[in-house]
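First comes the structure, then the notes that go with it.
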Amino acid sequence: TYTGNILIAVNPFQRLPHLYDVHMMEQYKGATFGELSPHLFAIADSCYRAMINEHGSQSILVSGESGAGKTETTKMLMRYLAFMGGRSGTEGRTVEQQVLESNPVLEAFGNAKTVKNNNSSRFGKFVEIQFDKYGKISGAAVRTYLLERSRVCQVSDPERNYHCFYMLCSAPPEDVKRFKVGNPRSFHYLNQTSCYEVANVDDAREYLETRNAMDIVGISQEEQDAIFRVVAAILHLGNINFSKGKEIDSSRLRDEKSINHLKIVAELLMCDEKLLEDSLCQRVIVTPDGNITKPLDPDSALQSRDALAKTVYSRLFDWIVDKINNSIGQDPDAISIIGVLDIYGFESFKVNSFEQLCINMTNEKLQQHFNQHVFKMEQEEYTRDEIDWSYVEFVDNQDVLDLIEKKPGGIIALLDEACMFPKSTHETFAQKMYQTYKSHKRFSKPKLARTAFTINHYAGDVTYQADYFLDKNKDYVVAEHQALLNSSRCSFVANLFPPLPEESSKQSKFSSIGTRFKQQLQALMETLSTTEPHYIRCVKPNTVLKPGIFENDNVLNQLRCGGVLEAIRISCAGYPTKRTFDEFIDRFGVLAPELVDSSDEKTACAAICDKMGLKGYQ
Ligand SMILES: Nc1ncnc2c1ncn2[C@@H]1O[C@H](COP(=O)(O)OP(=O)(O)OP(=O)(O)O)[C@@H](O)[C@H]1O
């Protein structure tokens, strides 16, 4: 259905191909908005037409909670835009085909089965489709946000790690042999949960399809092999274990098995075995008097191993995104763009951490953008009609945004400070927040909390646990890991870790995930502000992921989180029903037939209202 121009799309949890086929696209092509049943093609069509007619850039913002259908909706939107903006009769790899095929590639490496969704995107995505002066697609760019790195090393029932790991384990026998993988149950990074299969998903087929999609987006066979070699290396890396070494607080490889896995990792990454072992079991400390090598105890070595796995995986993901962008190509002469944003919705779990804070900050920003837009649209309409609506209140969430991201003084700024100060712990960080925001309306400290804090978001209160904030915010690659991988004989691996520029290698430049994410978000908002936005709110009808079940309270909460209720409030506070003068006379003329014919439409309408004793109309 629609609320104003906002489309509210409910996930059907069953395939409805007839709703999304070419025949349906034909019907919506050029149809007046609102004439046909609400449909995402109607949004895509009005967006495309607005771009052609007004030569202005557009954006479609798709939001909703995990499993609500954002990614499916985004793919369908892209298909419609490719249908409208594609070039007929072209052969081979067209831009629009590449844009569409980037989806399965990104999903293989960035999606996983979670409690909420069997194919959950663990990153945010903004696809910018560029159009030339003929309204044809001439280029595209994909920007991704905040991939969930922790999943690579840590998964719990009934979730899975990223799809690509299982695909590789189900690859054809020659590839399984070549990449030295096997049963997913034999890898620590996969066997922490007992979930290996996803209903209706055939990993073996997905492997071939991903390879095929990689061909189309322009990733060469050698590059594909290197990618899967890295994926396999990460699996083996997870199987390396440590036990206490001879010296105090030192560690060594635990057993033959670990030695064997280490060998395989070195082979797959084409780097030196001894260097790999050292980079896991030791740290070099730079002091004014020279470098000191310090051994790591087994726990720290395990952490070092996991940090390496996460860094390699996230670099791999970034490489794939860059490659897709390079091979699709950007059109510097593009006349306008249509951006499609598929980004995680508001999150509030039993335990909320740094990721939730970043996600909810994104949603606060988008909410502000949404409110401003809805408000502005209404305002423009009232101004056009010369109607006074000064009494309609605008609720701004700038105070929450300031609390999180203001510099200096916001939570992210405090966190960066804490990360740079070697002695800080999550407790000192929490204390600092409690002190700083003692009297902030949107911040509170739960009773008896030592590290927890609550933020009053537009969609409700969320309590965060600050325990891992410091670690999660630090964005640096251990120097030993950097040196190791940069020295790989495989140019693909070495290029994932280019040498750092001089100044930043001196540890002077601190880079934090929070600040980088904030900057990315800022850039996104700037892009969005140059476009005319269109909104789609996806709704998940139930938590059992089945068709035909509708949980009322749950849906209501999603509408609240999506800002739909706020949009309705703004609309209700003004004049929610809009009729032209002749429609009004058509409907209410019977109340005063004698007035209708005698005067012009506007006067007649006023006369009808007067006759019925209505007060305060404008
Ligand atoms: N229009 C649709 N028709 C049929 N099935 C759908 C549709 N939309 C969603 N689904 C089903 O719901 C599942 C979840 O949808 P999707 O992956 O798009 O959710 P999401 O909102 O992107 O979630 P996340 O934030 O976790 O990535 C899909 O895998 C698919 O099975």
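Laboratory data are not the source of any read-out in this text; all were calculated from the coordinates shown. Keep in mind that this is a model prediction, so the values were computed, not measured. Cβ sites come from the backbone with ideal geometry, for glycine too, and all protein chains shown count toward neighbours.
Taking only DSSP H segments of four or more residues, each worth -39500 (n - 2.57), what value at 222 nm results for the chain once the sum is divided by all its residues, to the nearest 500 deg cm²/dmol? Could you put the intermediate results ahead of the total?
Values: 26 runs with 300 residues, N = 618.
Helix-only estimate at 222 nm: -15000 deg cm²/dmol.
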Any chance you could check the Cα centroid distance between segment 41-65 and segment 115-173 for me, in angstrom? 23
Could you list which residues have their amide H under 5 Å from that of Ser59, counting only those 5 or more apart in sequence or on another chain, with H placed in the peptide plane? Gly339, Glu532, His534
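Place the peptides 117-129, 585-597 in order of packing, highest mean first, counting for every residue the other Cβ atoms within 10 Å and averaging per peptide. Walk me through the numbers before you get to the answer.
Numbers: 117-129: 21.0, 585-597: 13.1.
So the peptides 117-129, 585-597, ranked by packing, come out 117-129, 585-597.
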As an exercise, use a Förster radius of 35 Å and the Cβ-Cβ distance of His55 and Ser511 to find the FRET efficiency, rounded to the nearest 0.05. 0.35
Considering only C-alpha atoms, what is the centroid distance from segment 572-618 to segment 193-209, in Å? 62
The chain - Kirkwood radius from inverse mean 1/r over Cα pairs (Å): 27.2
Helix 426-436 sits off the longest principal axis of the Cα atoms of the chain, rounded to the nearest 10 on a 0 to 90 degree scale, by 30
I want to check the label-to-label distance for Leu275 and Arg15. Put each point 7 Å from Cα in the C-beta direction and report it in nm to one decimal. 4.8
In whole Hz, what ³J(HN,Hα) sequence does segment 537-552 give by Karplus (6.51, -1.76, 1.60; θ = phi - 60°), x for Gly and Pro? 9, 8, 10, 9, x, 7, 9, 9, 6, 10, x, x, 10, 10, 9, 4
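Longer than 24 Å from Cα to Cα, which of Lys376/Lys407; Lys441/Lys518; Lys365/Lys406; Lys350/Lys445; Lys350/Lys540; Lys113/Lys244 are they? Say none if no pair is. Provide the component values of the computation, followed by the final result.
On the way: Lys376/Lys407 28 Å; Lys441/Lys518 22 Å; Lys365/Lys406 13 Å; Lys350/Lys445 16 Å; Lys350/Lys540 19 Å; Lys113/Lys244 36 Å.
Over 24 Å Cα-Cα: Lys376/Lys407; Lys113/Lys244.
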Between helix 70-85 and the chain: long-axis angle, C-alpha atoms, 0 to 90°, nearest 10: 70
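Counting other C-beta atoms within 10 Å, which of Ile337, Ile60 has the fewest, and how do the rest follow?
On the way: Ile337 22, Ile60 26.
Ranking Ile337, Ile60 by Cβ neighbours within 10 Å, fewest first, gives Ile337, Ile60.
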Need one word for segment 3-128: rounded, prolate or oblate. Basis is the Cα gyration tensor (sqrt eigenvalues a ≥ b ≥ c); a/c below 1.5 gives rounded, then a/b vs b/c decides. oblate
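Give me the number: length gained by fully extending Thr603 to Lys29, i.e. 0.36 nm times residue separation minus the C-alpha to C-alpha distance, one decimal in nm.
202.8 nm
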Once you list every other residue whose beta carbon is under 13 Å from the beta carbon of Asp215, what net charge do they have if Lys and Arg are +1 and Asp and Glu are -1? -2
